[in-house]
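A.B. asks: Submitted below is the structure of interest, expressed as structure tokens.
The values are calculated or read from the model by the stated rules, or taken from the named source; none is laboratory data. Note that the structure is predicted; figures quoted are calculated from it, not measured. Cβ: placed from backbone, ideal geometry, glycine included. Neighbour counts: every protein chain shown.
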Amino acid sequence: MTVRKRSPGDRIQASLDVLQLQSSRTHLYELLRRDTSFVIDPVLFSMMSALDNIGPLRITALAREVGLDRQAVSRRMAHLERADLVERGPDPYDRRSILLQLTGTGRAELEHIQREIAQLIDRQLASWPEGEAERFAIQLERFVDGVRGPWLSSAPADFHSVRVGDDGR
């Protein structure tokens with residue numbers, strides 16, 4: 001029997017599968033809860049990250065981004081709104097629709113959490129040979145930049161991303 005050598009794509013895909021598992025994300029957030037002041041659960045963090053990375057979104061687009069149904073996102077969004085982390089605003093392209101966006105408080109909290117996650121990752125990478133973590137970061141950024149365009153350009157029609165201050169012109 002011939003054993004096929006796994007391509008880099010095979011190996012990266014398998015690694016991404018592990019990172020996407022709920023158990024992997026839960027483990028990361030448990031480490032953060034134990035070692036830091038982290039208080040937002042993984043789903044809320046994913047919702048806030050999507051709004052930060054993409055910009056204001058309709059609830060249906062946000063639900064698609066985080067892999068939940070509209071009702072689940074709506075329930076979670078209420079928690080973020082009560083904490084003044086997210087706010088609703090009118091969609092400039094369709095006044096009947098609402099866009100969700102981070103508040104200033106929400107952006108500050110997300111940046112704080114992201115710094116703590118980065119410190120956790122830095123601790124994990126500290127044992128790597130000198131220069132290897134930097135090369136990995138550069139290569140991962142290059143990979144993400146290469147796939148980001150096709151993902152966003154194939155977004156559904158209701159996937160509005162309107163940056164604050166963007167008047168659509």
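A.B. asks: Consider residue 119 against the criteria (1) over 20 Å from residue 140 (Cβ atoms); (2) in a helix (DSSP H, G or I); (3) not aliphatic (A, V, I, L, M): it satisfies all of them except one. Which criterion is unmet?
C.D. replies: Among (1) over 20 Å from residue 140 (Cβ atoms); (2) in a helix (DSSP H, G or I); (3) not aliphatic (A, V, I, L, M), residue 119 violates only (1).
A.B. asks: Within region 41-64, is there a residue that is farther than 22 Å from residue 117 by Cβ, at pLDDT 90 or above and acidic (Asp, Glu)?
C.D. replies: no
A.B. asks: Can you find, within region 50-95, the residue that is farthest from residue 40 (Cα to Cα) among those that are over 14 Å from the mean Cα position of the chain (by Cα) and small (Gly, Ala, Ser)? Explain how you work it out, then say what you get.
C.D. replies: Quick first cut of region 50-95, residues over 14 Å from the mean Cα position of the chain (by Cα) only: 58-60, 69-95.
In the following step, the residues that additionally are small (Gly, Ala, Ser) were identified as 72, 74, 78, 83, 89.
Values: 72: 16, 74: 16, 78: 14, 83: 11, 89: 23 Å.
Result: 89.
A.B. asks: So, one more: Residues being modelled with pLDDT under 75, part of a helix (DSSP H, G or I) and more than 15 Å from residue 121 (Cα to Cα): count how many of those fall in region 22-39.
C.D. replies: Residues in region 22-39 being modelled with pLDDT under 75, part of a helix (DSSP H, G or I) and more than 15 Å from residue 121 (Cα to Cα): 1 in total.
A.B. asks: Determine if region 62-81 includes at least one residue that is more than 23 Å from residue 143 (Cβ to Cβ), in contact with a Lys or Arg (Cβ under 6 Å, 6 or more places away or on another chain) and not aromatic (Phe, Trp, Tyr).
C.D. replies: Yes, region 62-81 has at least one match.
A.B. asks: Report, by residue number, each residue of region 75-115 that is outside any strand (DSSP E or B), surrounded by 14 or more Cβ atoms within 10 Å (Cβ to Cβ) and of a type in the set (Ser, Thr, Tyr).
C.D. replies: Within region 75-115, 103 is the sole residue that qualifies.
A.B. asks: Answer yes or no as to whether residue 103 is out of contact with any Asp or Glu (no Cβ under 6 Å at 6 or more places or on another chain) and either closer than 23 Å to residue 121 by Cβ or without any contact (Cβ under 8 Å) to a residue 24 or more places away in the chain (or both).
C.D. replies: no
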